[in-house]
Every structure is written in structure tokens, then in C-alpha cells.
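These notes concern the structure reproduced below.
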Amino acid sequence: MELLLQTLLNGILMSGIYALVATGLALSLGVVGIVNFAHGEFLMMGAFLSYLLFAFRGMDPLLSLGLAFLAAFVVGALTYQGLIRPVLRAAELNQMLLTFGLSILLQNLALLLFGADTRVVAPPYQATTLSLGPFFLGVVPFGAFLLSLAILLMLQVFLTRSRFGLAMRAVSQNRLAPGLLGIEADKVYLLAFGLAAALAGVAGVMLSVMLYASPTVGFVFTLKSFAIVALAGLGNLKGVVPAALVLAMAEALVSTYLPGGGGLVEAVFFLVLFLALVGRAWRKA
Amino acid sequence: MKGFGHFPLILLSLVLFALLPFLPFGVWQAFLLDVGFFVLLFTALALSWDLVARTGQLSLAHGAFFGLGAYSAGLLAPQLGTLPALLLGALTAGAGALVLGSVTLRLHGLYFAIASLAFSEVLRTLALKLPFTGGPIGLPVPPPFAGAWPLATYYLSFGVLLLATALSLWAERSPFRLAQAATRQSEAVARVLGVRVVQVKLWSLLLGSLVAGLAGGVYGMKTLFLSPYDAFSLGRAVEALVIPIFGGLYTTLGPLVGGVVLVSLEQALRLWIKEGYLVVYGAILILVILFLPRGLVGILGRRRG
């Protein structure tokens, strides 16, 4: 029983980051209407930024968070301006090919620059654990979970209270009408894409401490985020958090209870994706 | 009629490839045959990808079909002999495609792209974990026909390319082309016109995966050794899609031209930078989509007016 509860606890802690990354993906998909295969690469850049700042400046990853948010926002905005905007009206196949090409380019550029090694950011508090009765909580996963929740709450407030947030939701619901009301869709897209990248960048900093920074770390998260978004329903931001919880719990259960489950954890997201798609195809038919 | 003007060029390049082993290249012979083998094989893979792309679907699973064919053929070849093993390898890849396609092709196109990417990642994980694949250590594969004929792999590869070219030309000339184009341009309109959209997509995927599986089987018999990271590499899917896009989408000549240029370039790049040569493919993909959406063949067509 204690093992089960500890497993579920681990799952819940992981779900925060999953929700953060997947929300970014859902934003670029729901608002801009772009299938961004390079979403995880923004996360990878955040992780490497955190590593570089820690290794060469000794900067605490907590401080890198803000910097990574800004840097990823700028990179995301530039990506939108330079690459996404020209293909907004192109065929969906071309859009997907473009972001896929960007993903391949960034991954392999990182591979050339940093090599395939994994690099961990190890601040003094990295291995600290809190004990909660019979259960153990890593300080870092717990902190990352709380931080993710806080960021998601702020995003919720931004989307429901601010003018820009309302404009974003308006554009995601209808492409034409907001233009008639004087909302510049182009600016909204820019902001949404930048914000999506920034969310991934922040998650990357957290992962550089919890997991590691490596050229391929982002790619796995792109896939997992797609699984979460497919489960939640395209562009459905509210469904992302429960969907992330489902994926994280399923992964935790597999890694604890399945013999030799350690390697198969990486296949769980596919099962979730597959079941979500079967459900969708079945409902549609 | 579309594609008809390119026919002499296609025929010429095929004849050149057929004669390549008999041309006098002296010391370069062995090296050129190696490069030629990979050009043939990956061009065939690219043609099989294009066959799926003609319905507007982005397949990122061609690396997985390739790997499925390679592993099945590699596991079966010692018992069954070369040709039956290759055939069964292709059929395994086709079975995988049917499973993947029957679930995802009814949905919006992006679901297929995502699921196909996930499919290839999971198959690699399985190849690493399953008891009979040799896991991370890899799987040794016997040479074709017990090594009786040194040119066997080259001509097997040539055979795969012939098959892929024939399929592609057939799809370009027959009414199937119209069904594919209608499906790509607007599924709703195609449905109204009486095109069975899901069937067209499923058939295209099945044919594409059969060729990709066959190519994978031949690949294993050339390298004589398969590892999950090599056979199921995402890089294979990248090559399969960059070649047609660079050469010219939805044509037969495009992948042929793109394959000769890019695969030769890749063999040279691999000598120079070991890892990360895919940077070039990523960059080409972005640049071509932005500035040259019709590929090399598109330029050719424009010059001719």
C-alpha cells in the first residue's frame, strides 16, 4: 500500500512539468494552428542555458528560470517571425515538415556543439529529500511541481483577465471575427508562439536539475506532449492538466510494477496516444 | 499528361544504374558501388514516402517500416533463404502500416503524423527490449544467397528501386493519381466526388510501407548487422522525406534526382563529420519549404516554360 501511494505521489510530482510543456504545445496548436514538432527543442535550449549558466557563472537554476523564460520567448518570437509566418497559409503538410526540419536542425546542432553526453545541473540542494511520514519527497521535484502549478495559474489569470489573453482566446475560437473587432491576429500569434516557447524553456531549466540536459531530451517531451494534447482534445487547455496527470501516473505505475519496466516507461506515452486516438476515431465513426 | 515528359530521363538514370558495376572506374569501383547501393536504396525509400505524401499525409514512420523489414528479414533469412525472408519482411512492415493506418487515417492529418512518429520511437524501444532481437547488442544478418554472388546486394537494391519507380509511375498515370490528389487537396470535396478517402490513404500507406520494408531487408543484408539505433533510426525517416522534398514532391523524377544528389552528399559528409550530419538535412528541409516548395524539378519545369 505504501509502495502504491509513493508511486502515485511520484506520478503527481512529474505531472506538473508535463502539464507545463503540453500547455505550451496546446497554445501553439490552438491559437496559431501550427503543429510544432520543434516544441521540445525550446525545452532543450532552456536546459542547456541552465547548464551553461551553472557551469560557467555558477548561477543557481532558480535564477536561470527568469532568464530562460525571456530567452525562450525571444527565440519563439523570432521563430514565428522568420519561419512560421511565411507558411501560415501553406498546406498543413508543409507546415509540419518545416517544424520537423527545425527540430532536426536544432537537435543535431546541439549534438555538434555539446556532444551526446548528458549534463546535470547539481546545485547543493539537488539530492535533499523531505520525509512525510513513511513517504519521501525530493525537494527538487516537489519545488518543480509547485512552480509549474504557479505558472499555470498565472497563465490562467492572464488568459481570462488581460486584454491580450482575451484576444488570444478570441483568435483561437474564430480566425475572422476578431479581425473585424480590431484584434491584430498577427500580434496575437507572435505572443502566443513566444509564450508557448517560454513555457517549454522554463520547464527545460527544471529538467536540467531533475533529469539532465542533452540534445535529445526535448524530443521525448515533444512526443509526450502530443500524447497529452491528443488525450485532452486539440487546443483544449483545460483538459491538459488532467491528461498530464493520467500520463505521469501511468508511467509511474509501469516503472514500479512492471518487471523490467524501466525501459518500457518510454513506450507508455504511445499507449496513451493510441488509446486516445482509438477513442476519437471510434466516436467519430 | 503529367510525368510523361520526364520518362526518358527516368529511363536513362535507371539504365546508368544497371550498368554501373560494369563501367571502368579502376580503384574507385568498390567505393562507387557502395555509394551507388545506398543511393538506390534510399531513393527507393524516398519514392515510397512520396507515395504516401501524395495523399497529403506526413509519414514519420518510414524509419519504422524500414526497421521492421530489416529485422524480420534478418531473423528469417537463416531459415527461409534470401528472397522469402525479404518478402516476409515487407509483409511485416505492411502489417504494421495497416495497424497504424486503420486507427489514425480516419482522423485529421496531424494525428497521423504524430502517431507515426510515436510508432517509430516505440518500435525502437521494443527492438531494444524484446528477447529475440539481440537487444542493444544487435543482430547479425547473413549475406544474400549465402554470399555466392558479390553483386547480389547491389542488384537487390536496384530491384527495390525498380519496384518503387514502377509503383510511382503507375500511381502517376492511373486514375489513382486523381484520387490521391483530390484527397490531398480537400478531403471533403474528394468525398463528395465519390473518392473513398480512407481507402485511398490506406492503400497508399500500405504500398509505401511494403517498399520501405523491402528496402530495410536489403539494407540488413548489406551491412550484415542490425542494431535498434541504426535500423529504427529517426534519421532514416528524415532522409526518406528530405529527398523527395528537395527533388520535387509528388513526382517520380524528383526523388530520383534528389536521391542521387543528397545520398552522395551524405556519404561524403559522414567521412567529414561523424555525428550530426543531419544538421544539413534539417537546414535543407527548412530552406526548400520556404523558398523552393516545388523542389529541383520545379526549377527545371520553369526553365522549360
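The values are calculated or read from the model by the stated rules, or taken from the named source; none is laboratory data. This structure is a prediction, so every number in the text was calculated from the model and none was measured. Every residue, glycine as well, gets a Cβ built from its backbone with ideal geometry; the counts of neighbours run over all protein chains shown. Side chains are part of the model used for accessible areas, which takes the heavy atoms of the whole protein and leaves out ligands, DNA and RNA. Shrake-Rupley method; radii C 1.70, N 1.55, O 1.52, S 1.80 Å.
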Margin query: Give me the inter-chain shielding for B:116-124: mean count of other chain Cβ atoms within 10 Å, whole number please.
Written below: 5
Next item on the list: Can you figure out the FRET efficiency of B:Leu287 with A:Phe114, using R₀ = 22 Å and their beta-carbon distance, to the nearest 0.05?
Entry: 0.35
Margin query: Report the Cα-based extents of segment B:211-289 along its three principal axes, largest first, to the nearest Å.
Written below: 34, 29, 18
Item checked: Dimensions in Å of segment A:58-121 - Rg and Dmax from alpha carbons -> 15.3, 46
Note to self: Taking the alpha-carbon distance from A:Lys224 and a cut-off under 16 Å, which aspartates and glutamates remain once sequence neighbours fewer than 8 residues away in the same chain are dropped?
What the structure shows: A:Glu41, A:Glu251, A:Glu266, B:Glu121
Next item on the list: Enter the buried accessible area of the A/B pair, total of both sides, probe 1.4 Å, in Å² rounded to the nearest 100.
Entry: 3700 Å²
Next item on the list: Any chance you could run the full-extension gain for A:Met154 through A:Leu88? It's 0.36 nm times the residue separation minus the Cα-Cα distance, nm to one decimal.
Entry: 20.9 nm
Notebook entry, point to check: Can you list the chymotrypsin sites (Phe, Trp or Tyr not before Pro) in segment B:1-98 that are in a DSSP coil and have 10 or fewer other beta carbons within 10 angstrom?
Noted result: B:Phe4
Next item on the list: From other protein chains only, count the Cβ atoms within 10 Å of every residue's Cβ in A:268-278, then give the mean.
Entry: 4
Check: For segment B:132-139, in order, what is each residue's ³J(HN,Hα) by Karplus, 6.51 cos²θ - 1.76 cosθ + 1.60 with θ = phi - 60°, in whole Hz (x at glycine and Pro)?
Finding: 9, 8, x, x, x, 5, x, 10
Notebook entry, point to check: When only Cα pairs under 8 Å and 6 or more residues apart are kept, what is the percent relative contact order across segment B:193-305?
Noted result: 25 percent
Note to self: Per residue, how much accessible surface does the protein assembly as shown expose to a 1.4 Å probe? Answer in Å², no decimals.
What the structure shows: 42 Å²
Notebook entry, point to check: What Kirkwood hydrodynamic radius do you get for chain B when you take the inverse of the mean 1/r over all pairs of distinct Cα atoms, in Å?
Noted result: 19.5 Å
Margin query: Give me the percent relative contact order of chain A, please, defined on Cα pairs under 8 angstrom at least 6 residues apart.
Written below: 39 percent
Next item on the list: List, largest first, the extents of the alpha carbons of the protein assembly as shown along their principal axes, each in whole Å.
Entry: 74, 57, 49
Checklist line | segment A:104-232 - percent relative contact order, Cα under 8 Å, separation 6 or more | finding: 36 percent
Next item on the list: Give me the net charge of A:Val188's neighbourhood, meaning all other residues with Cβ under 15 Å from the Cβ of A:Val188; Lys, Arg count +1, Asp, Glu -1.
Entry: +3
Item checked: Cα gyration tensor shape for segment A:136-285, rounded if a/c is under 1.5, else prolate or oblate -> oblate
Check: Which far-off residues, 5 or more places away or on another chain, put their amide H under 5 Å from the one on A:Ala213, with H placed in the peptide plane?
Finding: A:Arg119, A:Val120, A:Val121
Notebook entry, point to check: Per residue of A:104-113, what is the mean number of Cβ atoms on other protein chains within 10 angstrom of that residue's Cβ?
Noted result: 6
Next item on the list: In nm, give the distance between the simple-model label positions of B:Phe7 and B:Ser186, each being 7 Å from the Cα along the Cα-to-Cβ direction.
Entry: 3.3 nm
Notebook entry, point to check: Between segment B:199-214 and segment A:227-285, what is the C-alpha centre distance in whole Å?
Noted result: 27 Å
